[in-house]
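Presented below is the structure to which this report refers.
Only the coordinates and a few stated rules stand behind these numbers; no lab work does. Predicted, not measured: the structure shown is a model, and the values here were computed from it. Cβ placement follows ideal geometry from the backbone for every residue including glycine, while neighbour counts extend to all protein chains displayed.
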Amino acid sequence: MTRGRKLLTAVLVSAMGVSTFQFFAIAILSSEIIEELGVTRTELGFVAAANTLTGALIAPKLGTITDKIGARNSIVGLCLISAAGLFLTAIAPTLPVLMVVSALCGLPQGWGNPATNKLISEELAPDARGVIAGFKQSGVQLASFLSGFTLPALAAVSNWRVATGSYGLIALAAAGGAMRLDTSGHYASANLTPVESGKRQGYDPFVIRVAIYATLFGLVGGGVFRFIPLFAEERLGFSTTRAGMVMAIAGFLGIFARIGWGRVTETRIEPNRGLFLIGVASCITIGGLVVAEAVGSWVLWVFSIVSAFSLGAWNVVAMLGVIRSVPSADAGRSTGIVMLGFLGGLAFGAPITGWLTDRNDGDYQTAWWVWLAVAALGTISMVSRDLFNRSETEAVGLAPSA
C-alpha cells in the first residue's frame, strides 16, 4: 500500500469514527449522565434522537453539498463540527442544552457516509473499493471499541465530561489529516455511464431498496445499541467498566467484520444477498437478548461477538452497493437518501426502547421483542422474486464474481 493510499485510508477511517463518536459516548456513559443530570431513560433516548434525527433530515442535502464542494472539503468540515460537538457535550449543563449539542453532532453523523463514499468513488478503481470501503466503515466500529475501552476508565479518574471532551482533540487531528490529502479525482467518471440530466430527479431502484432496509435496521440499531450498556448494568449486574467492555469487544471485532464483508461483497457475493444473510444473523443475535436474563449474563458476551458480524456490519455491504450502483457524480446524493432512512430509524429507535423500558418498570423484554420483529421485517424486505436474480444484479452494476 502506497503512502498516499495509507493516508487516504486513515482519513476515511478517522472521518467515520469521529462523526459517530458521540453516539457511543452517550451510550457508554449513560448511567453517569442519568445520575448527574437527573434524567430518565426516555429523556436520554431523546438526546440520542436529537443527534440522529438531525443527521437523517440533513443527510440528503449534505450529500448534494458533497457533490458540489468535493469529498475532501466535506471531510474537513465534518471533522471540525465533530470536534466542536464533543467539546460542547463536555460542558453541557442541562438536558435541553445536551439535546441541542447532540443535534449539532448529527450534522457529521449524516455527512460521514456521503463524503467518504464520494472520496472512494473518485479516488479508487472499481476493483479496489471493496476492502477500502470495509476499512472506512470499520471506523465506526473503531469508535465503538475506543469508547467502550477508554471512556469508563477516563471517567473513573476524572468524570464523564473530561472523558468525552478529550476526544474532541482527536477530531481536530482528523481534520488536519484530511487537509493533507492529495485528491485527483482520477476515477471520477469510471463508475458507470454519466448521469443523464433527466434521470437525476429519481434514484436507482436498488438505492431505494437499501434505503428501506436501512430505515428498519436503523430502528433496530438505535433501539438496541444505545441501551446495551445500561441493560447490562441494570438487569445483568455488570459494572460500568464491564458493560463498556461489551461494546468494546463488539467494536473491535466489528473492525474485522466490516473489512471482511467488504472483501466478500467485492469478490464473492452480491450486496442484496449479503444484506439478506446479515438480516438473518441479526435476528438470531437479538434473540439472544430476549433470553439473556433467563439463560445468564454470558449471553451478552456472545451477543457482542455475533452482533459485530451481523447487526453492526450491514452498513459496509449497503454502502459498497450504493457506490457501485450509481455514477460518482451522484454518489453523495444517493448515499444521502440511504442515510436519511438509516439515521431516521436510528433517531426513533432509542426513544422507543427508553419509553418501553420505563413503561415496564425497567424491564427490557418488550423492547427486545419489538426489535426482533423489526429485524425480521427488514430481512424480509430483501426477499423478493429477484433477490438472487441476474436482472437486479445488472441494475446494481456488478460484474460477475471472479
* Asked: Could you list log10 I(q)/I(0) for the chain at q = 0.08, 0.09 Å⁻¹, which the Debye formula gives when each Cα is one point scatterer?
  -> -0.37, -0.47
* Structure fact -> Neighbour-count ranking for 268, 258, 41 (other C-beta within 10 angstrom, fewest to most) reads 268, 41, 258
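Could you order the peptides 131-140, 350-359, 111-120 from most to least packed, using the average number of other C-beta atoms within 10 Å per residue?
In descending order of packing, they fall as 111-120, 131-140, 350-359.
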* Structure fact -> Under 20 Å by backbone N from the virtual spin label 7 Å along Cα-to-Cβ at residue 69, the residues of the range 103-131 are 103-123
* Under DSSP H, which helices of the chain have Cα atoms covering 20 Å or more of the helix axis and a Kyte-Doolittle average no less than 1.6? -> 71-91, 205-225
* To do: Please count, across the chain, the pairs of lysine residues with Cα atoms under 25 Å apart that sit 8 or more places apart or on different chains.
  => 10
* If one computes the Cα centroid of the range 242-303 and of the range 105-139, what distance in Å separates the two points? -> 21 Å
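If you add up the charges near residue 16, with Lys and Arg at +1 and Asp and Glu at -1, over every other residue whose beta carbon is less than 12 angstrom from its beta carbon, what do you get?
Around residue 16, the surrounding residues sum to +2.
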* Would you calculate, for the chain, the mean residue ellipticity at 222 nm contributed by helices, counting each DSSP H stretch of 4 or more residues as -39,500 (n - 2.57) and dividing by all residues, to the nearest 500? => -27500 deg cm²/dmol
* With r defined as the distance between the Cβ atoms of residue 256 and residue 169 and R0 fixed at 41 Å, what FRET efficiency is calculated, to the nearest 0.05? -> 0.95
* For the residues 157, 47, 338, 207, what sequence is obtained by ranking on other C-beta atoms within 10 Å, fewest first? -> 157, 207, 47, 338
* To do: Using per-residue counts of other Cβ atoms within 10 Å, averaged over each peptide, order 60-68, 72-80 from highest down.
  => 72-80, 60-68
* Work through the residues other than residue 240 whose Cβ is under 10 Å from its Cβ and net out their charges, Lys, Arg +1 and Asp, Glu -1. => -1
* Based on the mean of other Cβ atoms within 10 Å per residue, sort peptides 4-15, 29-40 so the most packed one is first. => 4-15, 29-40
